[in-house]
Amino acid sequence: MEQNQDLGLPNVHSKPQMESRADLNGEDMEDASSGTSESKEQQGKGSPNLLLMLQAAERRRTQQPRDRDGLQVSEVGARGQLTEALKTNMQIQFTDQKQEYNKPPTKTVRSMSQSSTDSFTSVHSDSSEDESSPRDKHQKSAKGLSDFCIKNINQADFGRKEIEMAEQEMPALMNLRKRAGGEKPLAGAKVVGCTHITAQTAVLIETLAALGAQCHWAACNIFSTQNAVAAALVKAGISVFAWRGESEDEFWWCIDQCVAAETWQPNIILDDGGDLTHWIYNKYPDLFKKLKGVVEESVTGVYRLYQLSKAGRLSVPAMNVNDSVTKQKFDNLYFCKESILEGLKRTTDIMFGGRHVLVCGYGEVGKGCCAALKALGAVVYVTEVDPICALQACMDGFRVIKMSDILRQVDVVITCTGNKNVVMREHLDKMKSGCIVCNMGHSTSEIDMAGLRTSDLKWVHVRPQVDHVIWPDGKRIVLLAEGRLLNLSCSTVPSFVLSITAATQAMALIELYNAPEGRYKKDVYLLPKKMDEYVANLHLPLFDAHLTELTDDQAKYMGFSKHGPFKHNHYRY
């Protein structure tokens, strides 16, 4: 937490100061001048030292020569002079304090605390790097690889340390390497991926490579790429086209570079958000039809796939990882439960106790956000269109309300719907000054960014991923990550929970790539529950957890195999 400026406050508590002034000006002074033996005895014990200290302090502050030999005052007279000196001294101190406090703010914006800055910039900041676009540079790795475009290949060693740290918390992927590395179930697979490029996804990418796949990768978010990690992947021989802070044009250019390589064409997609899938579908339709399939892990991307399927235009099978149990219940719920607070605190230094927060959407992401905020003492409101989710919110202790009824009161607005046009300009106009607005859904269309980029509003960049949008009347909204995904843009992420999601993605790729002809038609499928259970089982040893086995009689009674799956596909966890 940032240290407050030294305002020059006197090194004396306020109450004793007030009492001392009253003592010197009131009845106590008269009692002191009466010369009673009791008062003289008290003065003899304490007053001379106090008087000498105050006299010395006065001389130091006034810096005026005093004629000690000519100073002949009685004890009462000395008190009278010191009374005036004390009054003057207090006025001087408080005047200095006021002047310091009222100094106009400098143009330098305060930064995060040193510890926060160190941990945050270790993977997110590239302030020390040049601002030129990597597209303008000819790059080549030590191994001669030139099929990549990143910020700085020289950061590879640091990125490798980040990846090694993540590996310690990602047991499932490391187990997959050991169990399936010899079999190479992805031999011949050419995986083109578009996900967040972090230390955790690097562990996934290198696991796919260890299982036999060739990989080309781009970023699904312009703010979430860890440049050092991208460099480490390139040094290991993975083609990466991504860097933190891409422009919109550079974002699409990077995706195209992954797909349009002259000597390499993908045969399976791993996507997060659907941008890569739709780019290939629209620009390279012949290539799209030859794919073995698509694996998608986000609400937005899955929704796009279902739209294609419903219209009869999905020409390859697709695996919906987002709705698998291991993704919904662990990544969406537990990950967001922790990362929402870290993202908000890193960017705003806000304290949540007593603050009013509006969470738009009460799906798994919204549930995680609400639980975390409630635990810190925030007053949480929920907007929801689904009556079942709304009822869950009510029974969890949250008030379900329309956005228009609460906007003027809330301190923070968080969108987690995956939909579009959730917070529009008319909503932003009604928010109070200082309201923090951010997005936890994958889609960048939940907040009306176009409505905030009009000529009547002024933008002030405050710190990384934090902008103040200022209205003509001086009101300002604090916008985080330009409306993009908050937690992966503004904070680090817990490796363990991403291990669960990444293992699920790896299993989906293995299943889709090795499935015999005809098992999956041109439609969207859920990951088989047996694989969900396998992924969960891979993580239990970290907790020293031991499963109970069904007896033959119990298994027969329930109608399950002793080895699973233990729930029907329609079961809701």
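General remarks:
- Residue 488 under 31 Å from the mean Cα position of the chain (by Cα), open to solvent by less than 40 Å² (accessible area, probe 1.4 Å), more than 22 Å from residue 166 (Cβ to Cβ) and touching a residue at least 40 places away in the same chain (Cβ under 8 Å): no
- Taking the criterion of being crowded, with 16+ Cβ neighbours inside 10 Å and touching an Asp or Glu at 6+ places or on another chain (Cβ under 9 Å), the residues of segment 262-277 that qualify are 269, 270, 271, 272, 273, 274, 277.
- Residue 210 fulfils the conditions (1) over 21 Å from residue 143 (Cα atoms); (2) in contact with a Lys or Arg (Cβ under 6 Å, 6 or more places away or on another chain); (3) among the aliphatic types (A, V, I, L, M) except for a single criterion, (1).
- Residue 544 satisfies every condition listed in (1) farther than 30 Å from residue 213 by Cβ; (2) open to solvent by less than 50 Å² (accessible area, probe 1.4 Å) except (2).
- Within the set 410, 385, the sole residue that is in a loop (DSSP other than H, G, I, E, B), in contact with a strand residue (DSSP E or B) (Cβ under 8 Å, 6 or more places away or on another chain) and among the aliphatic types (A, V, I, L, M) turns out to be 410.
- Boolean, residue 236 is open to solvent by 20 Å² or more (accessible area, probe 1.4 Å) and either under 16 Å from residue 197 (Cβ atoms) or modelled with pLDDT of 95 or more (or both): yes
- Among the residues of this structure, residue 535 counts as one that is within 30 Å of residue 301 (Cα to Cα) and modelled with pLDDT of 90 or more.
- Residue ID - farthest from residue 186 (Cα to Cα), chosen from residues in segment 491-542 that are acidic (Asp, Glu) and without any contact (Cβ under 8 Å) to a residue 60 or more places away in the chain: 533
- Taking the listed residues 493, 535, the one that is in contact with a helix residue (DSSP H, G or I) (Cβ under 8 Å, 6 or more places away or on another chain), within 28 Å of residue 293 (Cβ to Cβ), of a type in the set (Val, Ile, Thr) and open to solvent by 10 Å² or more (accessible area, probe 1.4 Å) is 493, with no other qualifying.
- Screening residue 571 against (1) open to solvent by 40 Å² or more (accessible area, probe 1.4 Å); (2) over 26 Å from residue 179 (Cα atoms); (3) not in a loop (DSSP other than H, G, I, E, B) leaves a single unmet condition, (3).
- Criterion (assigned to a helix (DSSP H, G or I) and in contact with a Gly (Cβ under 6 Å, 6 or more places away or on another chain)) met by exactly one of 391, 333, 344: 333
- Counting the residues of segment 362-382 that are small (Gly, Ala, Ser), open to solvent by 30 Å² or more (accessible area, probe 1.4 Å) and assigned to a helix (DSSP H, G or I) gives 2.
- Residues being in contact (Cβ under 8 Å) with a residue 40 or more places away in the chain, under 18 Å from residue 374 (Cβ atoms) and buried (at least 20 other Cβ atoms within 10 Å of the Cβ) - total across segment 303-341: 4
The values are calculated or read from the model by the stated rules, or taken from the named source; none is laboratory data. Model, not experiment: these values are computed from the prediction. Reconstructed Cβ throughout: ideal geometry from the backbone, glycine too, with neighbour counts over all protein chains shown. Surface areas here come from the heavy atoms of the whole protein model, side chains and all, with no ligands, DNA or RNA. Shrake-Rupley method; radii C 1.70, N 1.55, O 1.52, S 1.80 Å.
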